[in-house]
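The values are calculated or read from the model by the stated rules, or taken from the named source; none is laboratory data. Keep in mind it's a predicted model, so treat the numbers as computed, not measured. FYI the Cβ positions are ideal-geometry reconstructions off the backbone, even for glycines, and counts take in every protein chain you see. SASA here: full protein model, heavy atoms, side chains in, ligands and nucleic acids out. Shrake-Rupley method; radii C 1.70, N 1.55, O 1.52, S 1.80 Å.
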Amino acid sequence: MEANESGPQGFPELKNDTFLRAAWGEETDYTPVWCMRQAGRYLPEFRETRAAQDFFSTCRSPETCCELTLQPLRRFPLDAAIIFSDILVVPQALGMEVTMVPGKGPSFPEPLREERDLQRLRDPTTVASELGYVFQAITLTRQRLAGRVPLIGFAGAPWTLMTYMVEGGGSSTMAQAKRWLYQRPQASHQLLRILTDALVPYLVGQVAAGAQALQLFESHAGHLGPQLFSKFALPYIRDVAKGVKAGLQEAGLAPVPMIIFAKDGHFALEELAQAGYEVVGLDWTVAPEKARDCVGKTVTLQGNLDPCALYASEEEIGQLVQQMLNDFGPRRYIANLGHGLYPDMDPEHVGAFVDAVHKHSRLLRQN
């Protein structure tokens, strides 16, 4: 696998492939690091860029998405960029209205309430053609990155997308979405299948546009117990990986590493490690050694510093990072937080985290 080959669009040669090598399980000189929500409100320049337009208009502007994606890389020596977008562009492309309510989050004025509401959804095979603006943002960003680091594309997993579409927004219990699983299992499977059929060409399209890795966010895994998870989440997580890999092959595109991040899904780590992803992302509630025992040696682990650790002093951040690196070990590991960066975090502390990973992981390899 040549990490430095330029794509069909003649993308600039990749200069730092450490993240990709770690994802594939190869040896690296140091542990690569990136942060979920590294393009985010904790950066004053992000708030300034975003101030001018509403959230989803920002998502639809390739130029703005590119700028927001690159901002954290101007500040920090991160080992990967992740395209600025949102998981809810997929329900939008399926024909649902979504607005971002300041201070409250996403809102669906007309959520799915009855089984017949599924008829309102567009044909999932048309979704990728509705999301050309994401592909344009990826291609533009890949050009402007000039090969500095790889670019990650992403999407929300079917169950997580379903929760928003049924709940009409965020929820602390997911009671409406889970009610569907218990009362309307057939309709639930139908919806999850529609979402899977939409996600596969969307993710393949991201790679065709220039994404060099993909992350699937199962952000609401923790609302399901092991039974519901293995019935309504895991099969679709598997199908997405299988479908994307087949789709890339069909399109004559080189394989890219895929990451599954199931927040609070610690009860399913073993299954997730066998779901067809090269990397399993961990939240901060999982002990690294236990995770490694669970997943074995065939996948790379990613994570999992508590984001709130960035409220600690820079010195303490260094100690926590050192402990984390010791626990995970130097092989098959990508450093990250156990969830996204919070808006009130000090950028200096994010820099301290990134620097500590690079410094301590190099020392770890010397000893």
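Quick notes on this one:
- Crossing angle, helix 234-250 versus the chain [Cα axis fit, 0-90 degrees, rounded to tens]: 80 degrees
- In summary, the lysines within cross-link reach of Lys245, defined as a Cα separation below 24 angstrom excluding same-chain residues under 8 places away, comprise Lys231, Lys263, Lys297.
- Under 11 Å, Cβ to Cβ, from Phe261 - net charge with Lys/Arg +1 and Asp/Glu -1: -2
- In order along region 52-57, the Karplus-derived 3J(HN,Hα) couplings, from 6.51 cos²θ - 1.76 cosθ + 1.60 at θ = phi - 60°, round to 6, 9, 6, 4, 6, 5 Hz, and Gly and Pro are given as x.
- Two-site FRET efficiency, Cys308 against Arg331, from Cβ-Cβ distance with R₀ of 22 Å, rounded to 0.05: 0.20
- Rg over Rh, two decimals, region 17-283 (C-alpha only, Kirkwood Rh): 0.94
- Residue among Ile334, Ile194, Ile260 with the largest mean-square fluctuation in a Gaussian network model of the chain, springs linking Cα atoms under 10 Å: Ile194
- FRET efficiency estimate (nearest 0.05) - Cβ-Cβ, Lys245 to Phe267, R0 25 angstrom: 0.45
- A cut-off of 5 Å between modelled amide H atoms, ignoring neighbours fewer than 5 places along the same chain, links Phe154 with Gln215.
- Prolate/oblate/rounded call for region 1-141, Cα gyration tensor, a/c under 1.5 rounded: prolate
- When +1 charges are put on Lys and Arg Cβ atoms and -1 charges on Asp and Glu Cβ atoms, the dipole computed for the chain relative to its Cα centre reaches about 500 debye.
- Protein heavy-atom surface of region 17-283, 1.4 angstrom probe: 47% of the accessible area is carbon and sulfur, with nucleic acids and ligands not counted.
- Candidates Ala291, Ala209, Ala312: whichever shows maximal mean-square fluctuation once the chain is modelled as a Gaussian network with Cα springs under 10 Å: Ala312
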